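Peer 1: Just passing along the structure, written as structure tokens.
Read the figures in this text as sums done on the coordinates, not as results from a lab. The shown structure was predicted, so the numbers you read here are calculated from the model rather than taken from an experiment. Ideal geometry is used to build each Cβ from the backbone, glycine not excepted, and the neighbour counts take in all protein chains shown.
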């Protein structure tokens, strides 16, 4: 039998990529990235119409363009025949929501709606439905909704119901015209297979669905807004498919678009973080995976369903089949470092980096590496884009204390890295305190691959070895693994995701072990972080909210 | 009678300048600046010897060089004959302390001491004697020293006794070899006149001297350290001269150095902030002067001696004769803005400023001007170099809250400006609450002259009109005014400093009036500032101190 391959498709915030992978070895033969031509629309629509603060839209044509350019590209680059491609997996940012007609056509593709902001895709980081989320949480608490506990006591404005509710409230005709609101991941699978599926991962983590209990009751949605009473039956789907299944097969139309053979297996969609587990060879509970990119996502399996305050959620079968998958996260990690480099680095650093032929991140990292733990005298709160866990509050903002006129750019850069490590430690401690053991720590994602200083600081702060895995295309590789599982052993793939992961996943030889001297200093600094966390995040959280309100008022 | 002129000499942190002024009109005919060739020595001695954290030294040769270059330069530039120069006034940073032999020779001029850090001038912002200040304050409080109340309950590490004590402790042989510790201002007057005087301003504001009570008792100094028992008699002088007097006349030697005539009147030295009153035409109590430069200094006169917590001090005749002069201050104003520009501004801003042919400060100011009050969503604590008033704590550090990935450089720049305005408002409110009326507000110094945005924000935050005066060389002009008073009317000068100020001082026509809309927003933001001030400055001030301690420990 000839060698078999799968293709993993990973749709990120700014681009989508395809990776073509050897099913037996996990070797990546080719990769191709397509940058979304519309990118993130957070200032204006394609027609120039201005968008309000906190909006973030996307254009679904960009996703189609990934299918029509990146897949042919990896086929061509690798020289692999479509006959030997046995499966495709898709992962996507979430919760990223497309309003569509019953045949899957996005409303923004239709002339009469394309001037309307609400007809576009609401990207995961669209934060303009915060008031809806607040109201939803408030009513859920009043009504004693039991499911709140699964989501750390609060759901996020990034999730599907606040986003749908915002559409209903601000553009009821768009709400009416949309036959479905669907995750972009499931929509993409739909484009490939002509099968409308809904994956359990985003249903559970972003749409309050539970394997035994289903969605919240109609009476709950009615009490949000009478027009929402039938939102589940009318706009979503109650047919939820577990992760690890086959969604369908490539259609003739999709075959033309992508160059794949019709009939190729396509996996149920997955979220771009949650998908990664098998890519780092994690094979059971107690092993945390932190995917560190623009934001970060902390995932862990357990055999039990626990209530953990401030996490994003717990979903049975939501990460891999057979376990309760837990998610927590940090809104702003690489984004914070990028913000710093874009806004706060002196000219001469840029010049020196240029003359040394390295990136400014590399240059700053070199300088930050020369600092000892605590030598910067700074502690920051890592809330530049709100706090996802364990406070679940997008209105929180960044803070930095200890600044002096001796403070250098590298001091701040390191403090920002450290702050995200403290945030991760806070998440780990919260899991442990609430019955979810965290015994090992794996890191994946761009920053995990590229920045050893970040990984060393994480090891020192959390006081556990950090194992890096997943390669440079972790989610795409993971999707390729799920593609192999969708194909199944009868087509040359696998029937079990852990088995597939052990064969196809990647784990680096290098492990970052905690440096005890630094770890002791970070214990002290983490105490300061905790004090500030409590002050700004709980006791006096209104400070940040009032500042944000004044800012919104004065930005009008 | 031919026109008469005086020369004002102003010794700042990085340079000294001379201005030659018409005694009748205040017109500045010539000005010359000499940059100290040793600058601020905060990293190493001239021989390369490394200095510890928080040190800041100067070389007295730089002061001599100002006399020998800037005075001849203004004479030459103006073409004024030395015969028509009737007086010289000197102002200086304070507390800036020179250890000298009995003939005035600085120890660092002597070969055997010039390798020793403690033989050099300790600049006002030498902060390495903080532990001494802490201990001094603690003992003073235990002993119920009444004078503490005059200084807001605490003296600063910048003052003379902590600095002297540090010398004694770390280099007892230098302490022994020094016949005097003297303010650089009085030392400079000594170089010009061969008369060893001590001005009441720095004696009162920096050396705990009081017109009625003199210095603290020997028993107090003894309880600090038995070797300090006779510090006043042994190392200072109890002969204190009021402001507004003549110290002496230019000697033959000084005439050769400067090109002035021997016999020219020289005023008693003054501090570079306190000297400014007459330069902005202030003529009585209730009128606050804020001198805004790298740091800022708030001065006000009252007919009564009050106890005001957290101010720098109150000294009878210490600013002008006949009134109680009060001082408060902010450690870091222009320094903070400069820190920001040096460390935190993106490359493209520098490029755009360059292409527009303006300074980066001007460019940022333009961008910050386009923001409404509160639109940045930020509040900062203005403690980048500690807090002088009203917390008197150099170990406090800067803090900024409200940062997001949308935050731009101009947002932070404006927040830093606003933070210094809040700090000034806190000082004003503290004076008012404690029986010292503040009815008018005058601003002087480089930033007052150069940055209308800063002045407008100050007006909006303090809700009083801001009048700008003193010209571009406020302290130097003021010193020239005191030079005219030192000459007296018999030589063509004046006998009264207020009369001299009215004739020679400068007040701009433009007044910055509060914008009520902004003032209302700033009222809200000031409440947030006050909350943070209380949190980080009082209730949880140990956070900043612990961070600083870790930093010091880890910098070793």
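Peer 1: Zone of residue A:553 (label point 7 Å along Cα→Cβ, backbone N under 14 Å): which residues in region B:510-530?
Peer 2: Under cut-off, by backbone N: B:517-528.
Peer 1: Another one. Taking every pair of distinct Cα atoms and averaging 1/r, then inverting, what Kirkwood hydrodynamic radius in Å comes out for the protein assembly as shown?
Peer 2: On the way: mean 1/r = 0.0309 Å⁻¹.
When all Cα pairs of the protein assembly as shown are included, the Kirkwood radius is 32.4 Å.
Peer 1: Could you give the C-alpha radius of gyration of chain A expressed as a fraction of 2.2 N^0.38 Å, taking N as the number of residues it contains? Don't jump to the answer; show the numbers that get you there.
Peer 2: Working: Rg = 22.6 Å, N = 556, 2.2 N^0.38 = 24.3 Å.
Rounded to two decimals, the normalised Rg is 0.93.
Peer 1: If R₀ is 22 angstrom, what is the calculated FRET efficiency for the pair residue A:362 and residue A:40, using the beta carbon separation as r and rounding to 0.05? Kindly include the intermediate steps, with their values, before the conclusion.
Peer 2: Values: r = 25 Å, r/R0 = 1.15.
Step by step, r from the Cβ atoms, then E = 0.30.
Peer 1: Follow-up. Find the percent of Cα-Cα distances in region A:65-124 that exceed 16 Å, and round it to a whole number.
Peer 2: Details: 1114 of 1770 pairs.
That fraction is 63 percent.
Peer 1: Volume per residue, Å³, of the convex hull around the alpha-carbon atoms of region A:94-197? It would help to have the intermediate numbers written out before the result.
Peer 2: Details: hull volume 11.1 nm³, N = 104.
In region A:94-197, the Cα hull volume divided by residue count equals 107 Å³.
Peer 1: Using just the C-alpha positions of region A:293-417 as equal point scatterers, what log10 of I(q)/I(0) does the Debye formula give at each q in 0.15, 0.17, 0.20, 0.21 1/Å?
Peer 2: Values returned for q = 0.15, 0.17, 0.20, 0.21 Å⁻¹ are -0.78, -0.90, -1.06, -1.12.
Peer 1: When each pair of different Cα atoms in region B:160-299 is counted once in the 1/r mean, what is the Kirkwood radius in angstroms, to one decimal?
Peer 2: Details: mean 1/r = 0.0590 Å⁻¹.
Taking the inverse mean of 1/r over all distinct Cα pairs, region B:160-299 comes out at 16.9 Å.
Peer 1: Can you check how the C-alpha radius of gyration of region A:351-435 compares to 2.2 N^0.38 Å, as a plain ratio? Each step should come with its number before you reach the end.
Peer 2: Details: Rg = 15.3 Å, N = 85, 2.2 N^0.38 = 11.9 Å.
Relative to the 2.2 N^0.38 Å estimate, region A:351-435 comes out at 1.29.
Peer 1: Any idea how far the Cα center of region B:97-124 sits from the one of region A:94-130, in Å?
Peer 2: A separation of 74 Å, based on Cα centres.
Peer 1: Here's something else I'd like to know. 7 Å along Cα→Cβ for the label point: how many nanometres lie between residue A:37 and each equivalent label in the other copies, listed shortest first?
Peer 2: Listed shortest first, these distances are 6.6 nm.
Peer 1: When B:332, A:344 are ordered from fewest to most other Cβ atoms inside 10 Å of their Cβ, what list results? Each step should come with its number before you reach the end.
Peer 2: Numbers: B:332 27, A:344 19.
The most exposed by this proxy come first: A:344, B:332.
Peer 1: Something else now. In whole Å, what is the distance between the alpha-carbon centres of region A:449-477 and region B:350-401?
Peer 2: 36 Å
Peer 1: Continuing with the same structure: Please report the spacing between the Cα centers of region A:258-293 and region A:1-66 in Å, no decimals.
Peer 2: Result: 15 Å between the Cα centres.
Peer 1: Counting other beta carbons within 10 Å of each residue's own, what order do B:302, B:479, B:156 fall into, fewest first?
Peer 2: Numbers: B:302 20, B:479 35, B:156 27.
Fewest-to-most ranking of B:302, B:479, B:156: B:302, B:156, B:479.
Peer 1: Sticking with this one: How large is Rg over Rh for region A:378-512, taking Rg from the Cα atoms and Rh as the Kirkwood inverse mean of 1/r across Cα pairs?
Peer 2: On the way: Rg = 18.5 Å, Rh = 17.2 Å.
We get a ratio of 1.07 for region A:378-512.
Peer 1: Right, another one. Using only Cα positions of region B:256-319, each an equal point scatterer, no hydration layer, compute I(q)/I(0) via Debye at q = 0.17, 0.22, 0.24, 0.29 Å⁻¹ and quote the log10 values to two decimals.
Peer 2: Values returned for q = 0.17, 0.22, 0.24, 0.29 Å⁻¹ are -0.72, -1.01, -1.14, -1.46.
Peer 1: Given labels modelled 7 Å from the Cα in the Cβ direction, how far is it in nm from residue A:440 to residue A:472?
Peer 2: The answer from the label model is 2.6 nm.
Peer 1: How large is the Kirkwood hydrodynamic radius of region A:435-524, counting all unique pairs of alpha carbons, in Å?
Peer 2: Values: mean 1/r = 0.0682 Å⁻¹.
Mean inverse Cα-Cα distance, inverted, gives 14.7 Å.
Peer 1: Also, quick follow-up: Any number yet on Rg/Rh for region B:508-556, C-alpha, Kirkwood?
Peer 2: 1.32
Peer 1: Compactness ratio of region A:3-136: Cα Rg over 2.2 N^0.38 Å, N = residue count?
Peer 2: Rg over 2.2 N^0.38 Å, computed on Cα atoms: 1.23.
Peer 1: Helix-derived [θ] at 222 nm for chain A: sum -39500 (n - 2.57) over DSSP H runs of at least 4, divide by residue count, nearest 500? Intermediate results must be reported in sequence, preceding the final value.
Peer 2: Numbers: 19 runs with 210 residues, N = 556.
Using -39500 (n - 2.57) per qualifying helix, the result is -11500 deg cm²/dmol.
Peer 1: Where the convex hull is taken over the Cα atoms of region B:156-218, what is its projected area averaged over directions, in nm²? Mind showing how you got there, number by number?
Peer 2: On the way: hull surface 20.2 nm².
Spelled out: convex hull of the Cα atoms, projected over all directions, averaged, 5.1 nm².
Peer 1: For region A:314-383, I need the span (max minus min coordinate) of the C-alpha atoms along each principal axis, in Å, sorted largest to smallest.
Peer 2: Between the extreme Cα coordinates on each principal axis of region A:314-383 lie 53, 29, 21 Å.
Peer 1: At a Förster distance of 25 Å, what's the computed FRET efficiency of residue A:135 paired with residue A:179, Cβ-Cβ distance as r, to 0.05? Walk me through the numbers before you get to the answer.
Peer 2: Numbers: r = 26 Å, r/R0 = 1.02.
Efficiency at R0 = 25 Å is approximately 0.45.
Peer 1: So how far apart, in nm, are the two label points at residue B:450 and residue B:545 if each is 7 Å from Cα heading toward Cβ?
Peer 2: The two pseudo-label positions are separated by 3.6 nm.
Peer 1: Report the FRET efficiency, 1/(1 + (r/R0)^6), for residue B:14 and residue A:515, where r is their Cβ-Cβ distance and R0 is 45 Å, rounded to 0.05. Write down the numbers at each step before the final one.
Peer 2: Numbers: r = 41 Å, r/R0 = 0.91.
Efficiency, rounded to the nearest 0.05: 0.65.
Peer 1: May I pose another question? Output, in nm with one decimal and in ascending order, the distances from the residue B:450 label point to the matching label points of the other copies (7 Å from Cα along Cα-to-Cβ).
Peer 2: Residue B:450 label point versus its equivalents elsewhere: 3.7 nm.
Peer 1: Taking the rotation axis that maps chain A onto chain B, which residue of A brings its Cβ closest to that axis, and at what distance in whole Å?
Peer 2: A:344, 2
Peer 1: I would also like to ask the following. Please order A:517, B:390, A:96 by the number of other Cβ within 10 Å, starting at the fewest. Could you put the intermediate results ahead of the total?
Peer 2: Numbers: A:517 12, B:390 25, A:96 31.
Ordered by Cβ neighbours within 10 Å, fewest first: A:517, B:390, A:96.
Peer 1: Run through the other copies and list how far each one's label point is from that of residue B:513, in nm with one decimal, shortest first; the point sits 7 Å from Cα along Cα-Cβ.
Peer 2: Result, one decimal in nm: 7.3.
Peer 1: Take residue B:83 and residue A:53, extend 7 Å from each Cα along the Cα→Cβ direction, and tell me the distance between the two endpoints in nm.
Peer 2: Computed distance between label sites residue B:83 and residue A:53 equals 7.1 nm.
Peer 1: Give or take rounding to whole Å, what are the principal axis extents of the alpha carbon atoms in region A:351-396, in descending order?
Peer 2: The Cα atoms of region A:351-396 stretch 42, 23, 13 Å along the principal axes, largest first.
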